[in-house]
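Notes follow the structure.
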């Protein structure tokens, strides 16, 4: 009897230990994935950068694979321009909308509006891109002239796409500001708007900044929507109504037929994008830590 | 709790605002023009946001629905019917397969983080940082990695399999995070009661903790489905864009890829908008489901 019991106990122990190991291995999959991603991207991209020459690659303004010229400076600039435009369009609207959601929205319509924002976040980028291509591009072409596929179209579209990304965290940052701040401000004679914009917004600023950085990350990494509306000309950006090509667009438009150094240069473009994203992620986690400490 | 308090507070404010007449509100805005302008801007921004959403959804539905013809759903694709059926079936296959792989890994990882890992463990810190990093990586970088690793290094070629594994890595952090939160929300008293009745740790996890965390885990999986259905950039160079229903080692396009190919060719824009309708319908269903899951979580 007692022998049976001990053997059962030991089987249980093996099971417990075994499953614990399984859980741990599962948890390490994400670590492995990040390591593999870094390894494969850098191993395929860095040699190409070395072969082209780091300064020629990063600061060269001509991208002509047929002449063996691989400078991606124009695309780095384009990515920054498009993202900057998206921030200019998206952040003010998102900020005011979050204030509306957190402080003004009548309770009856809050639920439907909130799920509207969730729906906006759920719409795939290809659908946004299609919308941009069939609605915004012709609109810009007819109103301002040019081909329509342009910096303006890309920034407008991305500005719309980052709205839900920014509104969600900003609203919860505003909601986590203690109500006493608002009441105190009202009691001092400030109007409702003044209390919200001069007291609550500053109190929530690290959370809001984190939301904006999240939006920047989404905008700079966005691919399919940008490809469909930006025109994709590989040259320095020449104006708000002219086409440009971001780093993401460069990878997708040419990867289909690229071989040899050309292909590696495209992967190297991905590496540069990846480094940008890592920097943005790092600042995001720093900001989040600051927001947590502030609370 | 905090949000509940906030909602209650905003309720009080709504009442307050309703009790003061619109006239006196207007007068106060005239006295403080800055405040009036800010209130106006807030309203305008909110209207703008939701107008854009309504216009986008409405436009695509109006443009696309007339082209949802029976021939669009025929089983074989050719340039005549531009059928989306093969892509629809591929999307289904890829969603199911991706979840079959990613969900257990993600849930197990969350179990490790919540139930086993000790606080301040260095491994846990590394796992958290990498999961965070993964969730910030844009899909095109996943696509590049999938192309380099699964397509080339593993020699799978452009195939559904390569696409599936790329998607697994992509949705893993999402499932991990939501499962972790769901597990954390299970009260410790459940675990203590189970231990007190003599159940082992494993038994406690699988019969007590996991079942109570199901709604939260489900919400994460629903979000993952949404990401898989809409994904394009990560699949373009991993699963490829052939319009057929292949076996797992063959190339096939999903709905989102189908839509991208159609709209970049520019020959079948109407069918592209019909495809957009199908994708949007899926997105709407997913949103509705995740709303329901959220409600169940709130009920507890």
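The values are calculated or read from the model by the stated rules, or taken from the named source; none is laboratory data. Here the structure is a predicted model, which is why all the values come from computation and not from measurement. Note: ideal-geometry Cβ built from the backbone for every residue, glycine included; neighbour counts use all protein chains shown.
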Given (1) within 9 Å of another protein chain (Cβ to nearest Cβ); (2) without any contact (Cβ under 8 Å) to a residue 24 or more places away in the chain, number of the condition residue B:70 does not satisfy
(1)
Checking residue A:94 against (1) on the phi < 0 side of the Ramachandran plot; (2) out of contact with any strand residue (DSSP E or B) (no Cβ under 9 Å at 6 or more places or on another chain); (3) away from chain B (no Cβ under 14 Å), which test does it fail?
(3)
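Only one residue in A:185, A:283 is touching a residue at least 12 places away in the same chain (Cβ under 8 Å), under 28 Å from residue A:169 (Cα atoms) and surrounded by fewer than 16 Cβ atoms within 10 Å (Cβ to Cβ), so which one is that?
The unique qualifying residue is A:283.
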I need the full set of residues from region A:250-263 which are crowded, with 20+ Cβ neighbours inside 10 Å and either touching a residue at least 60 places away in the same chain (Cβ under 8 Å) or in contact with a strand residue (DSSP E or B) (Cβ under 6 Å, 6 or more places away or on another chain) (or both), in order please.
A:250
Only one of A:74, A:30 is in a helix (DSSP H, G or I) and in contact with a helix residue (DSSP H, G or I) (Cβ under 9 Å, 6 or more places away or on another chain); which?
A:30
Considering every residue within region A:227-244, establish whether at least one is part of a helix (DSSP H, G or I), touching a strand residue (DSSP E or B) at 6+ places or on another chain (Cβ under 8 Å), away from chain B (no Cβ under 13 Å) and touching a residue at least 60 places away in the same chain (Cβ under 8 Å).
no
Only one of (1) assigned by TED's automatic domain parsing to the domain that holds residue A:248; (2) under 23 Å from residue B:145 (Cα atoms) is not met by residue A:69, so which one is it?
(2)
Can you tell me which condition residue B:57 does not meet? The list is (1) under 22 Å from residue B:285 (Cα atoms); (2) under 20 Å from the mean Cα position of the chain (by Cα); (3) surrounded by fewer than 16 Cβ atoms within 10 Å (Cβ to Cβ), and all the others hold.
(3)
In the set A:21, A:55, A:83, which member is assigned to a helix (DSSP H, G or I), more than 14 Å from chain B (Cβ to nearest Cβ) and out of contact with any strand residue (DSSP E or B) (no Cβ under 9 Å at 6 or more places or on another chain)?
A:55
Condition first: modelled with pLDDT under 90, surrounded by fewer than 16 Cβ atoms within 10 Å (Cβ to Cβ) and in a helix (DSSP H, G or I). Can you find one or more residues in region A:35-44 that meet it?
no
Taking the condition under 30 Å from residue B:157 (Cβ atoms) and within 12 Å of chain A (Cβ to nearest Cβ), does residue B:243 pass?
no
On the given criteria, is residue A:81 over 30 Å from residue B:128 (Cα atoms), modelled with pLDDT of 95 or more and in contact with a helix residue (DSSP H, G or I) (Cβ under 8 Å, 6 or more places away or on another chain)?
yes
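Would you point out which residue out of B:143, B:163 is more than 10 Å from every other protein chain (Cβ to nearest Cβ), at pLDDT 90 or above and in contact with a helix residue (DSSP H, G or I) (Cβ under 9 Å, 6 or more places away or on another chain)? Let's see the steps before the verdict.
Working: B:143 fails: more than 10 Å from every other protein chain (Cβ to nearest Cβ).
Selected residue: B:163, the only one of B:143, B:163 that is more than 10 Å from every other protein chain (Cβ to nearest Cβ), at pLDDT 90 or above and in contact with a helix residue (DSSP H, G or I) (Cβ under 9 Å, 6 or more places away or on another chain).
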Could you tell me whether residue A:273 is surrounded by fewer than 21 Cβ atoms within 10 Å (Cβ to Cβ) and closer than 20 Å to residue A:62 by Cβ?
no
Tell me which residues, restricted to region A:185-214, are out of contact with any helix residue (DSSP H, G or I) (no Cβ under 7 Å at 6 or more places or on another chain), more than 11 Å from chain B (Cβ to nearest Cβ) and under 23 Å from residue A:292 (Cα atoms).
A:202, A:205
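Can we say residue A:121 is closer than 30 Å to residue B:295 by Cβ, within 17 Å of the chain's Cα centre (by Cα) and at pLDDT 95 or above?
no
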Given the structure, is residue B:278 surrounded by fewer than 16 Cβ atoms within 10 Å (Cβ to Cβ) and either part of a helix (DSSP H, G or I) or touching a residue at least 24 places away in the same chain (Cβ under 8 Å) (or both)?
no
Kindly indicate the residue of region B:30-42 that is part of a helix (DSSP H, G or I) and facing chain A (nearest Cβ under 7 Å) and also farthest from residue A:120 (Cα to Cα) among those meeting that condition.
B:35
Considering every residue within region A:193-209, establish whether at least one is under 30 Å from residue B:152 (Cα atoms), touching a residue at least 12 places away in the same chain (Cβ under 8 Å) and more than 17 Å from the chain's Cα centre (by Cα).
no
